[in-house]
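**Student:** Structure in structure tokens, see below.
The values are calculated or read from the model by the stated rules, or taken from the named source; none is laboratory data. All figures in this text were calculated on a predicted structure; none of them were measured in a lab. So basically every Cβ, Gly included, is an ideal-geometry build from the backbone, and we count neighbours across all protein chains shown. When the accessible area is computed, the model is the full protein with side chains, heavy atoms only, and any ligands, DNA or RNA have been set aside. Shrake-Rupley method; radii C 1.70, N 1.55, O 1.52, S 1.80 Å.
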Amino acid sequence: GEDVEQSLFLSVREGDSSVINCTYTDSSSTYLYWYKQEPGAGLQLLTYIFSNMDMKQDQRLTVLLNKKDKHLSLRIADTQTGDSAIYFCAESTNGGATNKLIFGTGTLLAVQP
Amino acid sequence: ETGVTQTPRHLVMGMTNKKSLKCEQHLGHNAMYWYKQSAKKPLELMFVYSLEERVENNSVPSRFSPECPNSSHLFLHLHTLQPEDSALYLCASSLEGVGTQYFGPGTRLTVL
């Protein structure tokens with residue numbers, strides 16, 4: 001079945017790079033997403049990558065996709081305390097009239113000053 | 001307002017109450033979603049509406065009743081809830097057939 005897995009927790013120092021990893025199972029996924037959730041807030045779309053791409057860069061964010069291994073990663077350069085949040089990986093599956101998103105359990109990123 | 005808004009942001013209700021959650025999107029989308037987010041569980045998709053018709057209902061108990069009167073508004077009517085229904089309820093919207101979903105801030109529901 002469809003499953004998205006992430007590690008639960010990552011701690012980094014301010015200024016370092018953070019790498020959050022995700023594995024998924026549906027090889028027919030068309031898009032893969034990263035969302036950020038700050039305490040008490042909804043999910044904020046950070047970035048996404050189309051399944052025929054290997055890499056996408058957007059300012060401090062770099063997304064790498066290894067389709068063969070079904071592995072997705074999000075690298076945050078020069079991590080700041082404001083980046084502390086839960087990061088969710090999601091894969092898009094073709095659910096008929098609408099695309100379904102299957103979410104991972106989220107990775108809590110803690111940035112130490 | 002822009003984006004996806006949800007009201008109320010916080011709600012406390014007893015098990016015999018009836019209440020409704022409201023979601024409104026200002027993005028010109030035509031598909032809307034309700035999700036439930038509980039502690040230590042993945043986000044659970046509850047309902048999907050596309051072009052104002054319900055296209056998915058993921059085995060949600062009948063004490064949750066969705067309503068989509070038009071493509072901009074989505075409601076979740078609640079009655080005789082249980083304490084285990086306490087969670088963050090998130091609304092999202094997208095263009096039909098396109099995966100990118102945009103989320104509202106959520107309603108934090110507590111059932112006593």
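**Student:** Going by what's in this entry, would residue B:68 be described as part of a strand (DSSP E or B), without any contact (Cβ under 8 Å) to a residue 40 or more places away in the chain, crowded, with 18+ Cβ neighbours inside 10 Å and within 14 Å of the chain's Cα centre (by Cα)?
**Tutor:** yes
**Student:** What do you reckon, is residue A:68 open to solvent by 40 Å² or more (accessible area, probe 1.4 Å) and either at pLDDT below 95 or aromatic (Phe, Trp, Tyr) (or both)?
**Tutor:** In short, yes.
**Student:** Return yes or no: is residue A:90 crowded, with 19+ Cβ neighbours inside 10 Å, among the hydrophobic types (A, V, I, L, M, F, W, C) and either within 17 Å of residue A:6 (Cα to Cα) or modelled with pLDDT of 95 or more (or both)?
**Tutor:** The answer is yes for residue A:90.
**Student:** Now, a different point. Got a number for residues in segment B:31-41 being buried (at least 19 other Cβ atoms within 10 Å of the Cβ) and within 11 Å of chain A (Cβ to nearest Cβ)?
**Tutor:** 5
**Student:** Can you tell which of B:102, B:89, B:49 is open to solvent by less than 10 Å² (accessible area, probe 1.4 Å), within 15 Å of the chain's Cα centre (by Cα) and either within 11 Å of chain A (Cβ to nearest Cβ) or aromatic (Phe, Trp, Tyr) (or both)?
**Tutor:** Step by step, each of B:102, B:89, B:49 is checked, and only B:89 is open to solvent by less than 10 Å² (accessible area, probe 1.4 Å), within 15 Å of the chain's Cα centre (by Cα) and either within 11 Å of chain A (Cβ to nearest Cβ) or aromatic (Phe, Trp, Tyr) (or both).
**Student:** Looking only at segment B:53-65, count how many residues are of a type in the set (D, E, K, R) and surrounded by 15 or more Cβ atoms within 10 Å (Cβ to Cβ).
**Tutor:** 1
**Student:** Could we say that residue A:3 is within 19 Å of residue B:36 (Cβ to Cβ) and either surrounded by fewer than 14 Cβ atoms within 10 Å (Cβ to Cβ) or away from chain B (no Cβ under 12 Å) (or both) here?
**Tutor:** Taking the combined requirement at face value, the residue satisfies it.
**Student:** Right, another one. For segment B:15-29, which positions are in contact with a strand residue (DSSP E or B) (Cβ under 7 Å, 6 or more places away or on another chain) and in a loop (DSSP other than H, G, I, E, B)?
**Tutor:** The answer is B:15, B:27, B:29.
**Student:** Hey, any hits in segment A:93-107 for a residue that's assigned to a loop (DSSP other than H, G, I, E, B) and either out of contact with any strand residue (DSSP E or B) (no Cβ under 9 Å at 6 or more places or on another chain) or more than 10 Å from chain B (Cβ to nearest Cβ) (or both)?
**Tutor:** Scanning segment A:93-107 turns up no residue that is assigned to a loop (DSSP other than H, G, I, E, B) and either out of contact with any strand residue (DSSP E or B) (no Cβ under 9 Å at 6 or more places or on another chain) or more than 10 Å from chain B (Cβ to nearest Cβ) (or both).
**Student:** Go over the candidates A:108, A:101, A:32, A:43 one by one and state the one that is of a type in the set (A, V, I, L, M, F, W, C) and open to solvent by 40 Å² or more (accessible area, probe 1.4 Å).
**Tutor:** Answer to the selection: A:108.
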